[in-house]
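The values are calculated or read from the model by the stated rules, or taken from the named source; none is laboratory data. These figures come from a predicted structure and were not determined experimentally. Reconstructed Cβ throughout: ideal geometry from the backbone, glycine too, with neighbour counts over all protein chains shown. Side chains are part of the model used for accessible areas, which takes the heavy atoms of the whole protein and leaves out ligands, DNA and RNA. Shrake-Rupley method; radii C 1.70, N 1.55, O 1.52, S 1.80 Å.
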Amino acid sequence: MKHLLSIADLTRSDLDELLDLAASFLSVTQRETPKVPALRGRTVVSLFFEDSTRTRLSFETAAKRLSADVMVFSVATSSVKKGEGLRDTVATIAAMGIDAVVVRHAAAGAPRRITEWIDASIVNAGDGRHQHPTQALLDAFTITQHRGRDLSGMRVAIVGDVRNSRVARSDVQALSMLGAEVTLVAPPTLLPETLEGWPCSSAVDLDPLLPDLDAVMLLRIQHERDASTRFPSLREYTARYGLTEARARRLRPDALIMHPGPMNRGVEIAAAVADGPQSVIGEQVTNGVAARMAVLWKLLGAGGDVV
Ligand code: NCD
(Lines give C-alpha, C1' and ligand atoms only; values in the text may rest on other atoms or scores of the structure.)
Protein backbone atom coordinates (compact mmCIF):
# COMPACT_ATOMS: atom_id res chain seq x y z
CA MET A 1 0.00 0.00 0.00
CA LYS A 2 1.54 3.30 -1.06
CA HIS A 3 -1.24 5.83 -0.35
CA LEU A 4 -4.27 6.12 1.91
CA LEU A 5 -6.89 8.08 0.00
CA SER A 6 -10.19 6.40 0.82
CA ILE A 7 -11.58 3.65 3.03
CA ALA A 8 -13.09 2.28 -0.18
CA ASP A 9 -9.55 1.35 -1.34
CA LEU A 10 -9.03 -0.94 1.68
CA THR A 11 -9.77 -4.64 1.85
CA ARG A 12 -11.01 -6.20 5.06
CA SER A 13 -7.54 -7.57 5.68
CA ASP A 14 -5.94 -4.10 5.19
CA LEU A 15 -8.41 -2.75 7.73
CA ASP A 16 -7.67 -5.59 10.17
CA GLU A 17 -3.94 -5.03 9.79
CA LEU A 18 -4.29 -1.29 10.45
CA LEU A 19 -6.44 -1.93 13.53
CA ASP A 20 -3.86 -4.44 14.85
CA LEU A 21 -1.07 -1.94 14.23
CA ALA A 22 -3.06 0.81 15.95
CA ALA A 23 -3.37 -1.43 19.03
CA SER A 24 0.41 -1.98 19.08
CA PHE A 25 1.08 1.73 18.69
CA LEU A 26 -1.45 2.62 21.38
CA SER A 27 0.67 0.64 23.81
CA VAL A 28 3.77 2.49 22.54
CA THR A 29 2.08 5.84 23.22
CA GLN A 30 1.32 4.71 26.78
CA ARG A 31 4.98 4.05 27.62
CA GLU A 32 7.02 6.48 29.64
CA THR A 33 8.95 7.35 26.48
CA PRO A 34 6.24 7.09 23.82
CA LYS A 35 8.57 6.94 20.87
CA VAL A 36 10.02 4.31 18.54
CA PRO A 37 12.73 4.65 15.88
CA ALA A 38 10.63 3.03 13.13
CA LEU A 39 10.65 5.96 10.68
CA ARG A 40 13.99 7.55 11.54
CA GLY A 41 15.36 9.40 8.50
CA ARG A 42 11.95 9.67 6.83
CA THR A 43 10.28 13.03 6.26
CA VAL A 44 6.55 13.63 6.56
CA VAL A 45 5.03 16.91 5.41
CA SER A 46 1.71 18.20 6.68
CA LEU A 47 -0.07 20.29 4.10
CA PHE A 48 -3.41 21.66 5.34
CA PHE A 49 -5.39 23.92 3.05
CA GLU A 50 -8.41 23.74 5.37
CA ASP A 51 -8.53 24.51 9.09
CA SER A 52 -7.78 21.78 11.55
CA THR A 53 -6.85 21.35 15.20
CA ARG A 54 -7.03 17.65 15.99
CA THR A 55 -6.15 16.04 12.71
CA ARG A 56 -3.06 18.12 12.00
CA LEU A 57 -1.63 17.86 15.53
CA SER A 58 -2.49 14.18 15.64
CA PHE A 59 -0.60 13.40 12.42
CA GLU A 60 2.37 15.51 13.49
CA THR A 61 2.45 13.77 16.88
CA ALA A 62 2.15 10.38 15.19
CA ALA A 63 5.04 11.11 12.82
CA LYS A 64 7.24 12.37 15.69
CA ARG A 65 6.48 9.32 17.83
CA LEU A 66 7.76 7.22 14.93
CA SER A 67 10.93 9.39 14.86
CA ALA A 68 10.19 10.82 11.40
CA ASP A 69 11.17 14.40 10.60
CA VAL A 70 8.09 16.57 10.31
CA MET A 71 7.77 19.54 8.00
CA VAL A 72 4.73 21.71 8.62
CA PHE A 73 3.53 23.71 5.67
CA SER A 74 1.53 26.69 6.82
CA VAL A 75 -0.74 27.66 3.95
CA ALA A 76 -1.62 31.01 5.51
CA THR A 77 2.01 32.22 5.42
CA SER A 78 3.08 30.49 2.19
CA SER A 79 3.29 31.46 -1.47
CA VAL A 80 -0.20 29.98 -1.89
CA LYS A 81 -1.21 33.48 -0.78
CA LYS A 82 0.76 34.82 -3.77
CA GLY A 83 -1.27 32.69 -6.13
CA GLU A 84 0.87 29.56 -6.35
CA GLY A 85 -1.27 26.63 -7.49
CA LEU A 86 -1.56 23.20 -5.90
CA ARG A 87 0.59 21.44 -8.48
CA ASP A 88 3.52 23.85 -8.13
CA THR A 89 3.21 23.88 -4.36
CA VAL A 90 3.46 20.10 -4.06
CA ALA A 91 6.18 19.86 -6.72
CA THR A 92 8.25 22.33 -4.68
CA ILE A 93 7.78 20.33 -1.51
CA ALA A 94 8.56 17.06 -3.31
CA ALA A 95 11.78 18.50 -4.72
CA MET A 96 13.11 18.86 -1.18
CA GLY A 97 13.12 15.09 -0.85
CA ILE A 98 10.25 13.91 1.29
CA ASP A 99 8.56 10.56 1.87
CA ALA A 100 4.91 11.36 2.65
CA VAL A 101 2.48 14.22 2.38
CA VAL A 102 -0.53 14.42 4.68
CA VAL A 103 -2.98 16.63 2.85
CA ARG A 104 -6.29 18.29 3.68
CA HIS A 105 -8.04 20.20 0.92
CA ALA A 106 -11.50 21.64 0.25
CA ALA A 107 -11.68 19.93 -3.15
CA ALA A 108 -12.80 16.30 -3.23
CA GLY A 109 -10.20 14.28 -5.11
CA ALA A 110 -7.27 16.68 -4.51
CA PRO A 111 -5.17 14.03 -2.67
CA ARG A 112 -5.64 11.55 -5.54
CA ARG A 113 -4.53 14.20 -8.08
CA ILE A 114 -1.38 14.79 -6.05
CA THR A 115 -0.46 11.10 -6.37
CA GLU A 116 -0.24 11.68 -10.14
CA TRP A 117 2.21 14.56 -9.75
CA ILE A 118 4.76 13.43 -7.18
CA ASP A 119 6.34 10.22 -6.01
CA ALA A 120 5.74 10.47 -2.24
CA SER A 121 3.08 8.56 -0.30
CA ILE A 122 -0.08 10.63 0.04
CA VAL A 123 -2.38 10.43 3.05
CA ASN A 124 -5.80 12.02 2.78
CA ALA A 125 -6.53 14.04 5.92
CA GLY A 126 -9.93 15.15 4.59
CA ASP A 127 -10.93 16.21 1.06
CA GLY A 128 -14.09 18.29 0.79
CA ARG A 129 -17.21 16.23 1.48
CA HIS A 130 -15.53 13.10 0.18
CA GLN A 131 -13.29 11.11 2.54
CA HIS A 132 -11.46 11.29 5.87
CA PRO A 133 -10.05 7.76 6.11
CA THR A 134 -7.91 8.16 9.24
CA GLN A 135 -10.92 9.49 11.16
CA ALA A 136 -12.82 6.34 10.17
CA LEU A 137 -9.89 4.21 11.30
CA LEU A 138 -9.71 5.87 14.69
CA ASP A 139 -13.48 5.65 15.11
CA ALA A 140 -13.51 1.97 14.16
CA PHE A 141 -10.52 1.40 16.44
CA THR A 142 -12.27 3.13 19.36
CA ILE A 143 -15.41 1.01 18.95
CA THR A 144 -13.47 -2.25 18.54
CA GLN A 145 -11.46 -1.47 21.69
CA HIS A 146 -14.78 -1.60 23.57
CA ARG A 147 -16.65 -4.28 21.62
CA GLY A 148 -14.10 -6.53 19.93
CA ARG A 149 -13.31 -6.76 16.23
CA ASP A 150 -16.56 -8.33 15.05
CA LEU A 151 -19.20 -5.62 15.04
CA SER A 152 -21.92 -7.85 13.52
CA GLY A 153 -25.35 -6.73 14.58
CA MET A 154 -24.03 -3.66 16.34
CA ARG A 155 -26.20 -0.59 15.79
CA VAL A 156 -24.51 2.75 15.21
CA ALA A 157 -26.28 6.04 14.50
CA ILE A 158 -24.44 8.95 12.90
CA VAL A 159 -26.47 12.07 13.62
CA GLY A 160 -26.17 15.55 12.14
CA ASP A 161 -24.91 17.24 9.00
CA VAL A 162 -24.29 13.97 7.18
CA ARG A 163 -24.67 15.55 3.76
CA ASN A 164 -21.51 17.60 4.19
CA SER A 165 -19.60 15.03 6.18
CA ARG A 166 -16.54 13.20 4.89
CA VAL A 167 -16.37 11.63 8.37
CA ALA A 168 -19.80 10.04 7.93
CA ARG A 169 -19.00 8.73 4.45
CA SER A 170 -15.72 7.16 5.60
CA ASP A 171 -17.13 5.83 8.88
CA VAL A 172 -20.05 4.12 7.17
CA GLN A 173 -17.62 2.26 4.91
CA ALA A 174 -15.26 1.20 7.69
CA LEU A 175 -17.92 0.25 10.24
CA SER A 176 -20.02 -1.68 7.74
CA MET A 177 -16.90 -3.59 6.67
CA LEU A 178 -16.64 -4.75 10.28
CA GLY A 179 -20.31 -5.80 10.31
CA ALA A 180 -22.01 -2.85 12.04
CA GLU A 181 -25.44 -1.62 10.95
CA VAL A 182 -25.18 2.11 10.51
CA THR A 183 -28.13 4.52 10.37
CA LEU A 184 -27.65 8.11 9.25
CA VAL A 185 -29.99 10.42 11.16
CA ALA A 186 -30.74 13.99 10.09
CA PRO A 187 -33.43 16.26 8.73
CA PRO A 188 -34.00 15.26 5.08
CA THR A 189 -32.15 18.38 3.88
CA LEU A 190 -28.98 17.30 5.72
CA LEU A 191 -29.02 13.73 4.42
CA PRO A 192 -27.18 12.79 1.20
CA GLU A 193 -29.38 13.13 -1.88
CA THR A 194 -29.09 9.41 -2.47
CA LEU A 195 -27.83 6.53 -0.35
CA GLU A 196 -26.45 4.82 -3.43
CA GLY A 197 -22.95 3.67 -2.56
CA TRP A 198 -23.55 4.14 1.18
CA PRO A 199 -23.84 0.70 2.84
CA CYS A 200 -26.31 1.94 5.49
CA SER A 201 -29.86 3.14 6.09
CA SER A 202 -31.22 6.55 7.05
CA ALA A 203 -33.85 7.93 9.42
CA VAL A 204 -35.39 11.31 10.08
CA ASP A 205 -36.32 10.66 13.72
CA LEU A 206 -33.67 10.05 16.35
CA ASP A 207 -35.86 9.37 19.37
CA PRO A 208 -37.22 5.91 18.43
CA LEU A 209 -33.69 4.63 17.75
CA LEU A 210 -32.09 5.64 21.05
CA PRO A 211 -32.85 2.57 23.25
CA ASP A 212 -31.37 0.16 20.69
CA LEU A 213 -28.10 1.89 19.86
CA ASP A 214 -24.65 0.52 20.69
CA ALA A 215 -23.00 3.79 19.67
CA VAL A 216 -24.14 7.24 18.66
CA MET A 217 -21.90 9.70 16.86
CA LEU A 218 -22.81 13.37 16.70
CA LEU A 219 -21.65 15.61 13.87
CA ARG A 220 -21.26 19.38 13.77
CA ILE A 221 -23.37 21.51 11.45
CA GLN A 222 -20.85 22.62 8.79
CA HIS A 223 -21.81 26.29 8.40
CA GLU A 224 -18.82 26.86 6.11
CA ARG A 225 -20.38 24.41 3.62
CA ASP A 226 -23.75 26.23 3.61
CA ALA A 227 -25.53 23.79 5.96
CA SER A 228 -27.24 26.54 7.95
CA THR A 229 -29.44 27.47 5.00
CA ARG A 230 -30.87 23.94 5.08
CA PHE A 231 -32.93 24.03 8.29
CA PRO A 232 -35.00 26.66 10.09
CA SER A 233 -32.92 27.36 13.22
CA LEU A 234 -30.25 25.88 15.44
CA ARG A 235 -32.72 25.86 18.32
CA GLU A 236 -35.11 23.66 16.41
CA TYR A 237 -32.22 21.47 15.26
CA THR A 238 -31.12 20.91 18.86
CA ALA A 239 -34.71 20.24 19.94
CA ARG A 240 -35.03 17.36 17.44
CA TYR A 241 -31.51 16.05 16.96
CA GLY A 242 -29.32 17.31 19.78
CA LEU A 243 -28.02 14.68 22.21
CA THR A 244 -29.48 16.42 25.23
CA GLU A 245 -29.22 14.99 28.74
CA ALA A 246 -32.81 13.74 28.46
CA ARG A 247 -32.03 11.86 25.24
CA ALA A 248 -28.77 10.47 26.61
CA ARG A 249 -30.73 8.94 29.52
CA ARG A 250 -32.68 6.88 26.99
CA LEU A 251 -29.50 5.23 25.68
CA ARG A 252 -28.37 1.87 27.03
CA PRO A 253 -25.89 2.37 29.89
CA ASP A 254 -23.13 0.77 27.79
CA ALA A 255 -23.83 2.72 24.58
CA LEU A 256 -20.81 4.73 23.41
CA ILE A 257 -21.16 8.47 22.76
CA MET A 258 -18.78 9.73 20.08
CA HIS A 259 -17.91 12.96 18.26
CA PRO A 260 -15.08 13.54 15.78
CA GLY A 261 -14.76 17.18 16.87
CA PRO A 262 -14.88 20.09 16.65
CA MET A 263 -17.89 20.12 18.99
CA ASN A 264 -20.46 22.83 19.26
CA ARG A 265 -21.53 22.22 22.84
CA GLY A 266 -25.19 22.95 23.42
CA VAL A 267 -26.03 22.43 19.74
CA GLU A 268 -25.49 18.82 18.60
CA ILE A 269 -24.41 17.60 22.05
CA ALA A 270 -25.05 18.88 25.57
CA ALA A 271 -21.89 19.80 27.47
CA ALA A 272 -22.75 17.42 30.34
CA VAL A 273 -23.20 14.55 27.86
CA ALA A 274 -19.89 15.26 26.12
CA ASP A 275 -18.18 15.12 29.51
CA GLY A 276 -20.29 12.28 30.89
CA PRO A 277 -19.35 8.65 31.68
CA GLN A 278 -20.53 7.21 28.34
CA SER A 279 -18.52 9.67 26.26
CA VAL A 280 -15.44 8.26 24.50
CA ILE A 281 -14.65 11.57 22.79
CA GLY A 282 -11.31 11.94 24.60
CA GLU A 283 -10.40 8.34 23.76
CA GLN A 284 -11.08 9.07 20.09
CA VAL A 285 -8.41 11.79 20.18
CA THR A 286 -5.89 9.53 21.97
CA ASN A 287 -6.62 6.67 19.59
CA GLY A 288 -6.23 9.03 16.63
CA VAL A 289 -2.49 9.29 17.25
CA ALA A 290 -2.12 5.49 17.38
CA ALA A 291 -4.26 5.03 14.24
CA ARG A 292 -2.16 7.58 12.33
CA MET A 293 1.07 5.95 13.52
CA ALA A 294 -0.35 2.72 12.08
CA VAL A 295 -1.04 4.38 8.72
CA LEU A 296 2.33 6.13 8.44
CA TRP A 297 4.14 2.98 9.45
CA LYS A 298 2.21 0.84 6.96
CA LEU A 299 2.95 3.28 4.14
CA LEU A 300 6.56 4.11 4.96
CA GLY A 301 7.96 1.49 7.30
CA ALA A 302 6.75 -1.83 5.95
CA GLY A 303 9.30 -4.53 6.40
CA GLY A 304 10.80 -2.99 9.52
CA ASP A 305 9.99 -3.64 13.17
CA VAL A 306 7.04 -1.90 14.79
CA VAL A 307 8.78 -1.30 18.11
C1 NCD B 1 -13.98 16.85 10.89
C2 NCD B 1 -13.43 17.20 9.53
O3 NCD B 1 -12.64 18.12 9.37
O4 NCD B 1 -13.84 16.50 8.62
N5 NCD B 1 -13.14 17.02 11.95
C6 NCD B 1 -12.08 16.16 12.16
O7 NCD B 1 -11.24 15.98 11.32
N8 NCD B 1 -12.02 15.52 13.35
C9 NCD B 1 -15.39 17.19 11.10
C10 NCD B 1 -15.79 18.64 11.11
O11 NCD B 1 -15.12 19.54 10.64
O12 NCD B 1 -16.91 18.86 11.61
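Points to keep in mind about this one:
- Verdict on Leu137 being touching a residue at least 60 places away in the same chain (Cβ under 8 Å), away from the ligand (no atom under 13 Å from the Cβ) and open to solvent by less than 40 Å² (accessible area, probe 1.4 Å): no
- Checklist (1) under 20 Å from Ser6 (Cβ atoms); (2) open to solvent by less than 70 Å² (accessible area, probe 1.4 Å) applied to Glu193, failing item: (2)
- Unmet criterion (only one of (1) open to solvent by 20 Å² or more (accessible area, probe 1.4 Å); (2) more than 30 Å from Glu181 (Cα to Cα)) for Gly109: (2)
- Of all residues in region 204-212, none satisfies being crowded, with 20+ Cβ neighbours inside 10 Å, touching a Ser or Thr at 6+ places or on another chain (Cβ under 7 Å) and modelled with pLDDT of 95 or more.
- Filter result for the condition that a residue is more than 14 Å from the ligand (Cβ to nearest atom) and crowded, with 23+ Cβ neighbours inside 10 Å, over Ala94, Ala120: Ala120
- Selection over region 219-239 of residues that are open to solvent by 40 Å² or more (accessible area, probe 1.4 Å) and assigned to a helix (DSSP H, G or I) gives a count of 9.
- Pairs meeting the criteria (first residue in region 258-271 and in the same structural domain as Arg220 (by TED's automatic domain parsing) and away from the ligand (no atom under 11 Å from the Cβ), second residue of a type in the set (D, E, K, R) and open to solvent by 20 Å² or more (accessible area, probe 1.4 Å), beta carbons under 6 Å, at least 6 apart or on different chains) are Ala270/Glu245; Ala271/Arg265.
- Per this entry, Ser176 is counted among residues that are at pLDDT 95 or above, under 16 Å from the mean Cα position of the chain (by Cα), more than 16 Å from the ligand (Cβ to nearest atom) and surrounded by fewer than 18 Cβ atoms within 10 Å (Cβ to Cβ).
- Apart from one condition, Ile7 fits all of (1) more than 16 Å from the ligand (Cβ to nearest atom); (2) open to solvent by less than 70 Å² (accessible area, probe 1.4 Å); (3) in contact (Cβ under 8 Å) with a residue 24 or more places away in the chain; (4) touching a helix residue (DSSP H, G or I) at 6+ places or on another chain (Cβ under 9 Å); the exception is (1).
- Residue check, His146 surrounded by fewer than 17 Cβ atoms within 10 Å (Cβ to Cβ) and not β-branched (Val, Ile, Thr): yes
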